[in-house]
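J.: Take a look at the following structure, please.
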There are 2 protein chains.
Amino acid sequence: MTRTEFANLDPRIPVVAVDVAIFTVRGGELKVLLVKVKKRPYAGLWAFPGGIIRSDESLEQAAYRELAEKTGWRNVYLEQLYTFGDVERDRTRRAISTVYFALVNAEGLTLKTTEKYAGIEWFPVKKLPRLAYDHAGVIRYGVKRLRWKLEYSNVVWSLLPKTFTLTELQSAYEAILSKKLDKRNFRKKILSLKLLAPTGKMKRWGAHRPAELYRFKTRKPVIVKVL
Amino acid sequence: MTRTEFANLDPRIPVVAVDVAIFTVRGGELKVLLVKVKKRPYAGLWAFPGGIIRSDESLEQAAYRELAEKTGWRNVYLEQLYTFGDVERDRTRRAISTVYFALVNAEGLTLKTTEKYAGIEWFPVKKLPRLAYDHAGVIRYGVKRLRWKLEYSNVVWSLLPKTFTLTELQSAYEAILSKKLDKRNFRKKILSLKLLAPTGKMKRWGAHRPAELYRFKTRKPVIVKVL
DNA sequence: ATAAGTTTGTGTAGAAAATACACTAACCGT
DNA sequence: ACGGTTAGTGTATTTTCTACACAAACTTAT
């Protein structure tokens, strides 16, 4: 890492960084992954994982790298969210920071921490700790974007295992929108979008009727609504 | 300008630039403002006006500055669109470029050209010239975003004069969506959003019934649809 | 074997929103 | 006063959204 960071010491020359807002649904809640900052002046506050881009990678590649370093995931949904240009990342040098937005399925995932940070943790978007920079605003913006996407795209696949029941899918929607949905209406709507296909297999897991497993027909981003 | 550009000569250190995709509606068409590039290797191609940010301004300030330099406008709708990180702006240095998206009312506007460019012109988004970088993709993305905004916000105010008739408003919508709308349904819908207020004044301009002039109740961005 | 418990899966009626469609009102110029 | 032109309005139909309750399928305990 140090090897590829530039010897950019002129404080007027902007440093280019990439941050990743990684979202997941866990325990019925929408959560975001944050790291505890070690360096002053934000030491002790929480922030998105991220870092300065390398000379040989694009912004997107840098975002994927951060994601892989922290979660081990590669095949997830990632999109650019916003670029901050007036942030003084550490109050001494000008910084430009592009925030990416990722959706991961966190079941069975063990977080990889590094000595760079004092901690790494999932936080419910409704109960955030004190955040460094203006990351709280970014999270609100990201949640808004996610809710929009939910309505008219298939990006939720990234939050779920390969196959899932309609009830599981509905729970993910409910966590993200933070409201209860009607079971029959949800199914009618989601199936009418033609994004799902039944697998023919069943999920059995308790003393009750088993549930049909579905999968997304494609994991390429699809926009449903046409203008 | 030269004064404030950095003596950043290490080609691995990224240069931070801001571009502005300025849209307007003119002659019933949605148009975008482009400048003709002078410098190699893109000489002769068209691109968004833009430039390297100064050390004392935020990204947004830089975008406003570009906008004012090219059009003289200040009080318009401006929002961030996308940041490009893998562009090699002139194939010799790494560049990060954030594109902003502006909506202006171009009636009676004379474009201010500078010696930096070989030309400046409005182009219909449907008949674009050969573009430098991947700006064609950015325009498509911007148009998409604009169409979305149209459905659920009041940002069109930025394309229109302070007061306007419903027919003029409808024409702007038709130009942007590039389809005809039903007059009665359009009026019903747009008035139900409660974003407009009648001024009580009339526009008279031909041998026919005069039209009521409306204005937007507010020019602050309003999002109509709630999730 | 059957009854108790639990989750899956399904239809319909009413309300709200979107669409399709045509004529009168108001003005100017002659 | 009439011809030409754009502004302004209502209603019926279709589509989409919402609210709502019970039978089906399975496991476990008896």
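The values are calculated or read from the model by the stated rules, or taken from the named source; none is laboratory data. This one's a predicted model, so the numbers in the text were calculated from it and none came from an experiment. No Cβ is skipped: glycine too gets one built from the backbone with ideal geometry, and neighbour counts run over all protein chains shown. These area figures cover heavy atoms from the full protein model, side chains too; ligands, DNA and RNA do not enter into them. Shrake-Rupley method; radii C 1.70, N 1.55, O 1.52, S 1.80 Å.
J.: Quick one: which residues, 5+ away or cross-chain, put their amide H under 5 Å from the amide H of A:Ile22? H built at 1.01 Å from N.
T.: A:Leu33, A:Ala102
J.: Non-local amide H neighbours of B:Leu81 (under 5 Å, H modeled in plane, Pro and chain starts lacking H): which ones?
T.: Amide H neighbours of B:Leu81: B:Val99, B:Tyr100, B:Phe101.
J.: Also: Note the distances from B:Arg93 to each other copy's matching label point, with points 7 Å along the Cα-to-beta-carbon direction, in nm, sorted shortest first.
T.: 1.6
J.: Summed for both chains, how many Å² of accessible area, to the nearest 100, are buried between A and B with a 1.4 Å probe?
T.: On the way: alone 13010 and 13020 Å², together 23400 Å².
Protein heavy atoms only, the A-B interface buries about 2600 Å².
J.: Now, a different point. Ignoring ligands, DNA and RNA, what accessible area per residue does the stretch B:87-227 give at 1.4 Å, in Å²? Please list the in-between numbers first.
T.: Working: 8110 Å² over 141 residues.
Accessible area per residue: 57 Å².
J.: Same structure again: In the stretch B:155-216, carbon and sulfur make up what percent of the accessible area (probe 1.4 Å)? Intermediate values should be presented prior to the final figure.
T.: Working: 2090 of 3830 Å².
About 55 percent, which is the carbon plus sulfur part of the accessible surface.
J.: Moving on to the next point. Starting from the residue with the highest accessible area, list A:Tyr117, A:Tyr141 in decreasing order, probe 1.4 Å. Walk me through the numbers before you get to the answer.
T.: Working: A:Tyr117 30, A:Tyr141 75 Å².
Reading off the accessible areas and sorting them downward yields A:Tyr141, A:Tyr117.
J.: Now a separate question. Could you quickly flag the chain B residue whose beta carbon comes closest to the rotation axis taking B to A, and that distance in whole angstrom?
T.: B:Thr83, 2
J.: From the label point of A:Asp56, set 7 Å along Cα to the beta carbon, how far off in nm is each other copy's matching point, shortest first?
T.: 4.0
J.: Ranked from highest to lowest mean number of other Cβ atoms within 10 Å per residue, what is the order of the peptides B:216-223, A:202-209? All intermediate terms of the calculation are to be shown ahead of the outcome.
T.: Details: B:216-223: 13.5, A:202-209: 9.0.
Highest mean packing first, the order is B:216-223, A:202-209.
J.: With all protein chains present, calculate the accessible area of A:Glu29 using a 1.4 Å probe and round the result to the nearest 10 Å².
T.: 60
J.: Would you jot down the residues in the stretch B:43-62 that end up with at least 20 Å² less accessible area in the complete protein assembly than in the chain alone, with a 1.4 Å probe?
T.: The answer is B:Ile53, B:Ser55, B:Ser58, B:Leu59.
J.: Now for a separate question. Give a residue-ordered list of calculated ³J(HN,Hα) values for the stretch B:157-172 (Karplus: 6.51 cos²θ - 1.76 cosθ + 1.60, θ = phi - 60°; whole Hz; x for Gly, Pro).
T.: Coupling constants for the stretch B:157-172: 3, 6, 8, 10, x, 4, 10, 7, 8, 5, 5, 5, 4, 4, 4, 4 Hz.
J.: To continue, here is another question. ³J(HN,Hα) across the stretch A:119-133 via Karplus (A = 6.51, B = -1.76, C = 1.60, θ = phi - 60°), whole Hz, x for Gly/Pro?
T.: Rounded to whole hertz, the list is x, 8, 7, 8, 10, x, 5, 8, 10, 8, x, 5, 10, 6, 6.
J.: May I ask you to evaluate 6.51 cos²θ - 1.76 cosθ + 1.60, the Karplus curve with θ = phi - 60°, for each residue of the stretch B:68-76 and list the ³J(HN,Hα) values in order in whole Hz, giving x for glycine and proline?
T.: 5, 4, 8, 10, x, 7, 10, 8, 10
J.: Let me ask another. Report, to the nearest whole %, how much of the accessible area of the stretch A:44-151 belongs to carbon and sulfur atoms, 1.4 Å probe, protein only.
T.: 48
J.: Okay, moving on. Once every DSSP H run of n ≥ 4 in the protein assembly as shown is given -39500 (n - 2.57) and the sum is divided by its residues, what mean residue ellipticity at 222 nm do you get, rounded to the nearest 500 deg cm²/dmol? Before the final figure, lay out each step's value.
T.: Details: 8 runs with 106 residues, N = 454.
Result for the protein assembly as shown: -7500 deg cm²/dmol, rounded to the nearest 500.
J.: Note the distances from B:Pro129 to each other copy's matching label point, with points 7 Å along the Cα-to-beta-carbon direction, in nm, sorted shortest first.
T.: Counterpart label points of B:Pro129 in the remaining copies fall at 5.4 nm.
J.: Same structure, new question: 5 Å is the cut-off here: which amide hydrogens, built 1.01 Å from N in the peptide plane, fall below it relative to A:Val16, excluding neighbours closer than 5 in sequence?
T.: Excluding prolines and chain starts, which carry no amide H, the hits are A:Ile53, A:Ile96.
J.: Determine the shielding of peptide B:142-153 by partner chains: average, over its residues, the number of Cβ atoms on other chains within 10 angstrom of each Cβ. Write down the numbers at each step before the final one.
T.: Working: counts 0, 1, 2, 0, 0, 1, 4, 0, 1, 2, 1, 0.
For this peptide, the per-residue mean of nearby foreign Cβ atoms is 1.
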